[in-house]
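The values are calculated or read from the model by the stated rules, or taken from the named source; none is laboratory data. Since the structure is predicted, the reported quantities are computational estimates derived from the model, not experimental observations. We place every Cβ from the backbone using ideal geometry, glycine too, and count neighbours over all the protein chains shown.
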Amino acid sequence: MLVLENITFGYPNNTLFENLSLKIKSGDVVSILGPSGSGKTTLFKLITSLNKPAKGYVSIESEKCFASKISYMTQEDLLLEHKSVMGNLLMVFKIKNPFKLKGFKEYFRKKKLFREKALMLLTQMGLHGYEDFSPSALSKGMRQRVSLARALLFERPYLLLDEPFSGVDPKRRKILFQILLQMKKKYNLTILQITHDIVDARELSDHVYSLTDKALTKEVLS
Ligand code: ADP
Ligand code: MG
């Protein structure tokens, strides 16, 4: 369970949330709607501890230190232009021993597995053959798919997606929904997505909330 408890947060002269609370059950898909500037991205930054609340707290499975449980796809894709698509997907291996593995053999085995899985995800997302391309050669929707693949690669139990499909055409969107739901089932993911599209939100989610007037309101799904 992901819990936001009585969160108050704002930037100078701009209070965004007052006593905001939310509980998300493990395994659920939840969508958050809301007008631009209402604080949706800020809410994700609070969940990922990039922002600290003035009041209240966030917890996952009753713990307040949970960074390793979250994979975060940011609103801007943050792909590095000087790296290839695959280079971006394998960036984690630039960190010294990111998975705390014993010895080179384990390290290279993990990297090989990561690469294979990255290739599989790229293929499923219609990006086979683009591994060596620079992100600058891709459209916005393609970049978003690379960014989504990167978030999925980590198999972390909580997935935060900030407007993941905004640049993706409707047909491709349906394919990505299927991939996402398959991954959710396989790895028992809990997914929280921000979207502007109420039809997408309803199709994909167990629960939908709207962020307006500094609070979350639950939408009734018919
Ligand atoms: P949304 O994602 O719903 O469009 P954001 O969370 O990005 O909204 O922003 C909410 C409000 O907070 C906006 O008015 C934005 O200008 C402001 N804001 C966002 N980030 C900062 C920041 N780092 N410093 C000051 N104000 C910010
Ligand atoms: Mg935003």
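Inspection of region 3-13 identifies no residue that is within 13 Å of ligand 2 (Cβ to nearest atom), of a type outside the set (Gly, Ala, Ser) and either surrounded by fewer than 21 Cβ atoms within 10 Å (Cβ to Cβ) or touching a residue at least 60 places away in the same chain (Cβ under 8 Å) (or both). Can you tell me which of Asn51, Asn14 is near ligand 1 (Cβ under 10 Å from one of its atoms), over 23 Å from Lys218 (Cα atoms) and out of contact with any Lys or Arg (no Cβ under 7 Å at 6 or more places or on another chain)? Exactly one residue qualifies, and that residue is Asn14. Put simply, of Lys184, Lys214 the only residue that is farther than 13 Å from Asp28 by Cα, surrounded by 13 or more Cβ atoms within 10 Å (Cβ to Cβ), touching a residue at least 60 places away in the same chain (Cβ under 8 Å) and of a type in the set (Lys, Arg) is Lys214. Residues in region 111-134 that are surrounded by 15 or more Cβ atoms within 10 Å (Cβ to Cβ) and part of a helix (DSSP H, G or I): Lys111, Phe114, Arg115, Lys117, Ala118, Leu119, Leu121, Leu122, Gln124. Pairing residues of region 164-178 that are within 18 Å of Tyr72 (Cα to Cα) and of a type in the set (S, T, N, Q) with residues that are assigned to a helix (DSSP H, G or I) and at pLDDT 90 or above, at Cβ distances under 8 Å and at least 6 apart in sequence or on separate chains, gives Ser166/Gln144. In region 26-84, counting only strands (runs of 3 or more DSSP E) that sit wholly within it, none holds 3 or more residues that are without any contact (Cβ under 8 Å) to a residue 60 or more places away in the chain, within 22 Å of Ile179 (Cβ to Cβ) and within 14 Å of ligand 2 (Cβ to nearest atom). Residues satisfying the criterion are absent from region 143-152 (criterion: over 19 Å from Ile70 (Cβ atoms), over 16 Å from the mean Cα position of the chain (by Cα) and basic (Lys, Arg)).
Among the residues of region 123-134, not a single one is within 12 Å of the chain's Cα centre (by Cα) and without any contact (Cβ under 8 Å) to a residue 60 or more places away in the chain.
Comparison of Val92, Val85 shows that the only residue that is more than 16 Å from ligand 1 (Cβ to nearest atom) and crowded, with 17+ Cβ neighbours inside 10 Å is Val85.
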